[in-house]
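All remarks here apply to the structure that follows.
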Amino acid sequence: MVKPGGIFPIKSPCTATCCIIDVCRMPYLMRLALVLFCLMALVESRKPRRKRWTGLLETSKPSHSNKKNLDVTKMRPGKPRPLLRVEDHDFTMRPAFGGPAIPVGVDVQVESLDSISEVDMDFTMTLYLRHYWRDERLAFPSSSNKSMTFDGRLVKKIWVPDVFFVHSKRSFTHDTTTDNIMLRVFPDGHVLYSMRITVTAMCNMDFSHFPLDSQTCSLELESYAYTDEDLMLYWKNGDESLKTDEKISLSQFLIQKFHTTSRLAFYSSTGWYNRLYINFTLRRHIFFFLLQTYFPATLMVMLSWVSFWIDHRAVPARVSLGIMTVLTMSTIITGVNASMPRVSYIRAVDIYLWVSFVFVFLSVLEYAAVNYLTTLQEHKERKFREKLPCMCGMLHSRTMMLDGSYSESEANSLAGYPRSHILPEEERPDNIVVHLALNNELTSSRKKGLLKGQMGLYIFQNTHAIDKYSRLIFPAFYIVFNLIYWSVFS
């Protein structure tokens, strides 16, 4: 309750102090307005204060960890300062232009040896190619002496060595998911330039010992524009500059050795150039060709020898067997030549296949000779039988062929055969037909012995001498040929 004419204490929100106001001297409306103002001021003082908007976002004080990871690529107010002064130099010129040749070290890591093609005489290889050189124009100050790494976009703005692959047919730089190019620059200006490349290059192969051969191929690197007076290519660590993956393998070849060499190459129009060589030696696996070529050819030759044991009167069997083996050998030779380049010299596999073909063909000719001589012999026997007198009244007559060179003692050993029917010695032809009469009074044991003798003579009669000799001569000569072949080409 306020006394009239008294003093009314009011707490001001602006000064937080008590103001002494003489209320009695103020009109009624003024006093009411003053009270409302004081109430409003009191309500506003109880609400939380809001910061005035300055147009800037609040940032917390940088911590100790943030100071170490400052973003040096952040653009500063004013003109930006580049990390490398690329625009200040002319990078179309090589480093130290006009001075001595710039040394460029090279090392290679072979990722895979993809394929070897005998038909096209080339190979495909995927590798990491790295260059090392120094360009003082790329030097930059650095307190930590750390290098900076860039992708392929910077390569188009600076000078890089123009190395290419000599005798290459196709090559490309991998670009999945981006260009596989890396550029690393050190504060003192040293540069590492690396790329991942697949290249198909020519390989001069010698197939004179195929498939028992070894091939040596080379991948050659050289500068395209700069001679040895401007650019000196060299292997950075000697033989250690070439690294290979231990898992590299090929289906037909065994990789024996990788090594590096270097020499100068001369072109009459442009001069001398440094050339680097990646050499590797391949040894062909023989087991595939043993199964696909040598074993089938050997089996066909052995199959042709079966005809020597077939009766020479079985014409369809021996002729069909000979034709089948000849055609099979022709198919094997055609299949081997289809997967090989058309070379003008004789290969080791050609020698084996053609010698085998000759053996098969000779077995066919052998039967032709047997058949001809047999026909000629039967014609002579027919004429001779027509000249003999009639042998009538002889019981159970049998006819057998004997060679005219038998002795009289051998004729006497034929018990039961009448000597009166044997011609005199001076009248014997080359082949004589002797009619044997078997007496019914012979004992059973004597008959069995005679039948066995006749059977043996019958077999001898139908086995031609050429077939007998061929059974031994053909295998013997083929074994000797194989011994010589494998001792020379293995």
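Using the structure shown, decide if Glu229 is surrounded by 15 or more Cβ atoms within 10 Å (Cβ to Cβ), of a type in the set (Asp, Glu) and within 25 Å of Ile278 (Cβ to Cβ).
It is false that Glu229 is surrounded by 15 or more Cβ atoms within 10 Å (Cβ to Cβ), of a type in the set (Asp, Glu) and within 25 Å of Ile278 (Cβ to Cβ).
Here are the criteria: (1) closer than 19 Å to Ser262 by Cβ; (2) open to solvent by 60 Å² or more (accessible area, probe 1.4 Å); (3) not aliphatic (A, V, I, L, M). Tell me which single one Gly105 does not satisfy.
It fails just one condition, (2).
All but one of (1) in contact (Cβ under 8 Å) with a residue 12 or more places away in the chain; (2) under 24 Å from Asp122 (Cα atoms) hold for Thr298; state the number of the condition that does not hold.
Only one criterion is unmet by Thr298, namely (2).
Going through the stretch 239-266 one residue at a time, which ones are farther than 15 Å from Asp114 by Cβ and touching a Phe, Trp or Tyr at 6+ places or on another chain (Cβ under 7 Å)?
Ser241, Leu242, Lys257, Phe258, Thr260, Thr261, Ser262, Leu264, Ala265, Phe266
Which one of Val306, Val301, Val319 is assigned to a helix (DSSP H, G or I), open to solvent by less than 20 Å² (accessible area, probe 1.4 Å) and within 15 Å of Glu366 (Cβ to Cβ)?
Selected residue: Val301, the only one of Val306, Val301, Val319 that is assigned to a helix (DSSP H, G or I), open to solvent by less than 20 Å² (accessible area, probe 1.4 Å) and within 15 Å of Glu366 (Cβ to Cβ).
Being exposed (fewer than 15 other Cβ atoms within 10 Å of the Cβ) and touching a Pro at 6+ places or on another chain (Cβ under 9 Å), is that true of even one residue in the stretch 269-285?
Yes: one or more hits.
Give the residue, chosen from Arg170, Arg137, Arg153, that is among the charged types (D, E, K, R) and in a strand (DSSP E or B). Full working, then the answer.
Details: Arg137 fails: in a strand (DSSP E or B); Arg153 fails: in a strand (DSSP E or B).
Among Arg170, Arg137, Arg153, only Arg170 is among the charged types (D, E, K, R) and in a strand (DSSP E or B).
Would you mind telling me which numbered condition in (1) touching an Asp or Glu at 6+ places or on another chain (Cβ under 6 Å); (2) part of a strand (DSSP E or B) Met125 fails?
Against the list (1) touching an Asp or Glu at 6+ places or on another chain (Cβ under 6 Å); (2) part of a strand (DSSP E or B), Met125 comes up short only on (1).
In the stretch 232-260, what count of residues is obtained for those that are over 21 Å from Ser194 (Cα atoms) and without any contact (Cβ under 8 Å) to a residue 60 or more places away in the chain?
Matching residues across the stretch 232-260 total 7.
Which residues, counting only those in the stretch 205-234, are β-branched (Val, Ile, Thr) and assigned to a strand (DSSP E or B)?
Scanning the stretch 205-234 gives a single hit, Thr216.
Identify, from the list Thr149, Thr173, the residue that is over 17 Å from Val106 (Cβ atoms), touching a residue at least 24 places away in the same chain (Cβ under 8 Å) and open to solvent by 40 Å² or more (accessible area, probe 1.4 Å).
Working: Thr173 fails: over 17 Å from Val106 (Cβ atoms).
From the options Thr149, Thr173, the qualifying one is Thr149.
The values are calculated or read from the model by the stated rules, or taken from the named source; none is laboratory data. Quantities reported herein were computed from a predicted structural model and do not represent experimental measurements. All Cβ positions, even for glycine, are placed from backbone atoms using ideal geometry, and neighbour counts span all protein chains on display. All accessible areas refer to the heavy atoms of the entire protein, side chains included, with ligands and DNA or RNA removed. Shrake-Rupley method; radii C 1.70, N 1.55, O 1.52, S 1.80 Å.
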